[in-house]
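The values are calculated or read from the model by the stated rules, or taken from the named source; none is laboratory data. Quantities reported herein were computed from a predicted structural model and do not represent experimental measurements. Heads up, the Cβs are rebuilt from the backbone with ideal geometry, glycines too, and the neighbour counts pull from every protein chain shown. Accessible surface areas use protein heavy atoms only, side chains included; no ligands, DNA or RNA. Shrake-Rupley method; radii C 1.70, N 1.55, O 1.52, S 1.80 Å.
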Amino acid sequence: MSYEAFRGQQAGEHITVYRPEVVVLPSPEEVDQYAATHVLEQVTAKPNSVLTLPTGGTPRGMYELLVQAHRDHEVDFSQLIIFNLDEYWPIQRDHPSSYTRYMNEMFYSHVNIPPSQRFIPNGEAPDAAVEADLYETLFQAYGPPDLAVIGIGPGTTCHIGFNERGSAVDSRSRYMPLDPETRAANSQLFANPAEIPQGTITQGVADILEAHQIMLLAKGDTKAWGIQRALNGPIGPDAPASYLRYHPQVTFVLDKAAAQYLPGQ
Ligand code: F6R
């Protein structure tokens with residue numbers, strides 16, 4: 001469903017709620033394998049796919065497998081268009097904890113995606129609102145992504161991208177202050193935790209929902225509450241990941257720990 005179709009449903013006061021597919025795998029490594037295989041299938045079926053991609057701890061294994069597939073000549077990434085979900089703001093592009101640096105180190109420096117086809121918000125931009133509008137314009141120019149790979153925030157945040165609690169379903173790319181719970185978790189990834197920026201520039205919820213297909217990856221105990229809340233709690237801004245139930249083509253790929261609070265697990 002396109003976002004326009006979703007808005008049409010809203011206008012008609014009839015919003016369809018879907019049940020995401022839930023895949024529970026025995027180990028985090030199997031989540032990596034499943035995710036990489038799915039991305040490779042997408043790229044093989046449509047080499048010029050537009051992809052939304054995440055950063056963070058969760059997808060590291062997926063990127064390693066994608067790089068390996070490129071080295072083994074299983075796939076050609078040269079026609080892909082990539083939009084990252086988000087970047088801290090403000091942050092230097094070459095800061096060890098920037099998402100620009102993460103993408104270069106985990107993926108881009110190892111594969112053949114031309115720089116002109118890789119997009120990520122500029123953490124060095126002087127004005128976050130202007131940069132977010134520019135990012136949104138570029139995102140719209142390339143059309144809806146064929147596939148969005150996303151994570152979910154830690155603890156009770158339930159964020160997708162950096163759409164923290166309070167985010168609206170029709171939100172677009174914008175500056176978003178980090179939720180205190182996200183700050184506490186992500187500051188551990190900075191050599192000096194106090195250095196974590198106050199905010200981010202993130203794709204909005206509507207940008208994520210615009211993708212034809214969405215694959216959410218989650219591993220570990222710290223994601224269990226949010227996964228259960230997103231799949232079975234009320235849909236709304238208290239848990240932005242719950243909005244994914246407005247989209248007909250969503251797969252949650254979970255390890256056992258992240259799935260532990262789901263009924264039947
Ligand atoms: C990162 C992003 C975030 C993360 C989420 C989980 O680009 O958009 O939503 O996916 O914070 O992060 P990890 O994987 O580090 O637990």
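Of all residues in region 232-261, how many are open to solvent by less than 40 Å² (accessible area, probe 1.4 Å) and out of contact with any strand residue (DSSP E or B) (no Cβ under 7 Å at 6 or more places or on another chain)?
6
Considering only residues that are among the polar types (S, T, N, Q) and open to solvent by 60 Å² or more (accessible area, probe 1.4 Å), which ones fall in region 24-39?
Passing the criteria: only 33.
Return the residues of region 137-149 that are at pLDDT 95 or above, touching a strand residue (DSSP E or B) at 6+ places or on another chain (Cβ under 8 Å) and more than 10 Å from residue 211 (Cβ to Cβ); say none if nothing qualifies.
Result: 138, 139, 142.
Hey, can you tell me all the residues within region 136-167 that are hydrophobic (A, V, I, L, M, F, W, C) and surrounded by fewer than 24 Cβ atoms within 10 Å (Cβ to Cβ)?
The answer is 138, 139, 141, 147.
With the requirement that a residue be closer than 11 Å to residue 103 by Cα and outside any helix (DSSP H, G or I), what does region 60-82 give you?
Hit for region 60-82 is 82, nothing else.
Would you please name the residue that is nearest to the chain's Cα centre (by Cα), looking only at residues in region 187-210 that are within 12 Å of the ligand (Cβ to nearest atom) and open to solvent by 20 Å² or more (accessible area, probe 1.4 Å)?
189
All but one of (1) within 16 Å of the ligand (Cβ to nearest atom); (2) closer than 23 Å to residue 252 by Cβ hold for residue 139; which doesn't?
Failed condition: (2).
Suppose we keep only residues that are of a type in the set (D, E, K, R) and surrounded by fewer than 18 Cβ atoms within 10 Å (Cβ to Cβ) within region 102-135. Which one would you say is farthest from residue 61 (Cα to Cα)?
Here the residue is 127.
Return the residues of region 217-231 that are open to solvent by less than 10 Å² (accessible area, probe 1.4 Å), within 9 Å of the ligand (Cβ to nearest atom) and not small (Gly, Ala, Ser); say none if nothing qualifies.
217
Exactly one condition in (1) away from the ligand (no atom under 16 Å from the Cβ); (2) at pLDDT 95 or above; (3) open to solvent by 80 Å² or more (accessible area, probe 1.4 Å) is not met by residue 42; state its number.
It is condition (3) that residue 42 fails.
Can you tell me how many residues in region 52-82 are crowded, with 19+ Cβ neighbours inside 10 Å and within 13 Å of the ligand (Cβ to nearest atom)?
11
Looking at (1) surrounded by fewer than 18 Cβ atoms within 10 Å (Cβ to Cβ); (2) on the phi > 0 side of the Ramachandran plot, can you tell me which one residue 170 breaks?
Looking at each condition in turn, residue 170 falls short on (2).
If I filter region 107-121 for residues that are touching an Asp or Glu at 6+ places or on another chain (Cβ under 7 Å) and either at positive phi or within 14 Å of the ligand (Cβ to nearest atom) (or both), do I get at least one hit?
yes
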